[in-house]
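Okay, structure first, notes after.
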Amino acid sequence: MQKALSNRLDYPCLTTHSYLNQASLGLIGDPAVAAMHGFLDTTARHGNLYMSDAQEAAFLQPLRTNVSRLIGCAPKNLAIVSSASEILAQLPMLFDPRPKSKIIVVSTDFPAITRPWIAACQSNGCEMVFVDEVAGQNLTAAIIDQIDAQTAAVCASYVQFSTGTQLDITQLRKATSKVGAKLAVDITQAAGALPLSVRDWKADIVVASGYKWLGGHGGIAFAVLSDKLLQKQPPFIGWFGGENPFDMDAKNLKLAKTASKYTQSTLSYITAAGLNASIDELLKLGLNNIFEHSQKLATALISKLEGSGWAPFQSPESPGFSPHIVTLQNPYCDVRATEASLTENRIICSIRNGRVRVSHAHYNSHDDVTALINCLQ
């Protein structure tokens, strides 16, 4: 019997529901909630009484340090922004592809990755190449097959949100480097769930939202920019990205020399406080332990469903399998009726592209998986 890795009492809804939906709006634990309440009560509600300009300018540093430790990057390369979409929307301008070049994306990837490029290609003459994800096939290889001398950029999620398919970023980097193409990676569906080192990937930019497995609330995200990309001026500039944010000289542009120049304005400090506390908890649990915990839950789920008609989109033997997102399909079931049945039985999952998406977290236990299995069968 696989017990929860973390304290289930930190998540009140687990007393009444089996929550297997961290890939959507993830649960927020008591340590993060307490940190948010604490900041609101002791600091935020009092304006500048307990927060000086200097303290505000330095407020995001603890979070920058913690995120850097969690994903393996240099703090100077880490930008903290209000959303992943804020950075993804700037990529066509940052990458500045040559006319008639190729932009390669996954056709079923999260729209925040594809839509800025669709809009940009309508005016810059570039070609969008959509790679389809097919069950049982290697998605990384399918993307690499499309890379050629005309490729300007490959932009994709490390873990696909609807299927859990994981890309081999090291292989993608090798392929893009050979033709001088840029590589952008979204780790929103992996950060906090999988051990990873952004430093080892050498991607041009890596982005992530600050919730889901990171355990935060909306309003905070981050991006890791390569040293070369960091030399560029941000396409969109706000007042907070200055070398000294509270130097209010409106006639001059003195941007920070680090990725903090991408922070445009006052962020949700309450969310930052909660996310910092949540990442503290993740660092204590250990990403390797969280990964192994997901592997055990995924193994139990898939093995017990064998012969039931329900099968994973990616088998555990597949190179693209991610244990924390298991997407199940059954050609003989009405997926919407299945969703209604799950909800009635207080089991929370998501339906994505006609399949049941199950997303495990460190707070889940064998009991959650057993409840799901019994309902599906």
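The values are calculated or read from the model by the stated rules, or taken from the named source; none is laboratory data. Predicted, not measured: the structure shown is a model, and the values here were computed from it. Cβ coordinates were reconstructed from backbone atoms using ideal geometry, including for glycine residues, and neighbour counts include every protein chain displayed.
Hey, does segment 207-215 have a residue that's in contact (Cβ under 8 Å) with a residue 24 or more places away in the chain, more than 30 Å from HIS37 (Cα to Cα) and in contact with a Leu (Cβ under 9 Å, 6 or more places away or on another chain)?
The answer is no; no qualifying residue exists.
Which of the residues spanning segment 102-143 are in contact with a strand residue (DSSP E or B) (Cβ under 7 Å, 6 or more places away or on another chain), of a type in the set (Ser, Thr, Tyr) and buried (at least 19 other Cβ atoms within 10 Å of the Cβ)?
The one that is in contact with a strand residue (DSSP E or B) (Cβ under 7 Å, 6 or more places away or on another chain), of a type in the set (Ser, Thr, Tyr) and buried (at least 19 other Cβ atoms within 10 Å of the Cβ): THR114.
Please find, within segment 69-97, the residue that is surrounded by the fewest Cβ atoms within 10 Å (Cβ to Cβ) out of those that are among the hydroxyl-bearing types (Ser, Thr, Tyr) and over 13 Å from SER260 (Cα atoms).
Going through the qualifying residues, I end up with SER83.
Consider VAL134 against the criteria (1) farther than 28 Å from LEU287 by Cα; (2) in contact (Cβ under 8 Å) with a residue 24 or more places away in the chain; (3) of a type in the set (A, V, I, L, M): it satisfies all of them except one. Which criterion is unmet?
Failed condition: (2).
Give me the pairs, please: first residue somewhere in segment 366-377 and within 18 Å of VAL335 (Cα to Cα), second residue anywhere and assigned to a helix (DSSP H, G or I) and acidic (Asp, Glu), beta-carbon distance under 9 Å, and either six or more positions apart or on two chains.
Every condition considered, the pairs that remain are CYS375/GLU344.
Mind checking whether some residue in segment 170-187 is under 14 Å from the mean Cα position of the chain (by Cα), among the small types (Gly, Ala, Ser) and in the same structural domain as PHE130 (by TED's automatic domain parsing)?
yes
Do the conditions hold for THR188, that is, is it β-branched (Val, Ile, Thr), at pLDDT 95 or above and over 27 Å from ASN288 (Cβ atoms)?
no
Checking the structure you have, find out if any residue of segment 32-41 is part of a loop (DSSP other than H, G, I, E, B) and either under 19 Å from ILE290 (Cα atoms) or free of Cβ contacts under 8 Å to residues at least 40 places away in the same chain (or both).
Looking for residues that are part of a loop (DSSP other than H, G, I, E, B) and either under 19 Å from ILE290 (Cα atoms) or free of Cβ contacts under 8 Å to residues at least 40 places away in the same chain (or both), one finds none in segment 32-41, hence no.
So in segment 13-31, with the set limited to residues that are outside any loop (DSSP other than H, G, I, E, B) and in contact (Cβ under 8 Å) with a residue 12 or more places away in the chain, which one is surrounded by the fewest Cβ atoms within 10 Å (Cβ to Cβ)?
Across segment 13-31, the extreme among qualifying residues is CYS13.
Of everything in segment 44-86, what is part of a loop (DSSP other than H, G, I, E, B), in contact (Cβ under 8 Å) with a residue 24 or more places away in the chain and not aliphatic (A, V, I, L, M)? Give them in sequence order.
The answer is PHE59, GLY72, CYS73, SER82, SER83.
Among what's in segment 90-116 and is within 18 Å of TYR158 (Cα to Cα) and among the hydrophobic types (A, V, I, L, M, F, W, C), pick the residue that is farthest from the chain's Cα centre (by Cα).
ILE103
Applying the selection to segment 10-34, what residues are touching a Ser or Thr at 6+ places or on another chain (Cβ under 8 Å), more than 23 Å from THR299 (Cβ to Cβ) and of a type in the set (A, V, I, L, M)?
Listed by number, the residues that qualify are ILE28, ALA32.
Please find, within segment 99-131, the residue that is farthest from ALA142 (Cα to Cα) out of those that are modelled with pLDDT of 95 or more and among the basic types (Lys, Arg).
Residue satisfying both the conditions and the ranking: ARG115.
For segment 176-217, enumerate the residues that are small (Gly, Ala, Ser), farther than 19 Å from ASP280 by Cα and surrounded by fewer than 22 Cβ atoms within 10 Å (Cβ to Cβ).
Once the filter is applied, which keeps residues that are small (Gly, Ala, Ser), farther than 19 Å from ASP280 by Cα and surrounded by fewer than 22 Cβ atoms within 10 Å (Cβ to Cβ), segment 176-217 yields SER177, GLY180.
In segment 331-354, which residue that is surrounded by 17 or more Cβ atoms within 10 Å (Cβ to Cβ) and free of Cβ contacts under 8 Å to residues at least 40 places away in the same chain is nearest to LEU194 (Cα to Cα)?
LEU342
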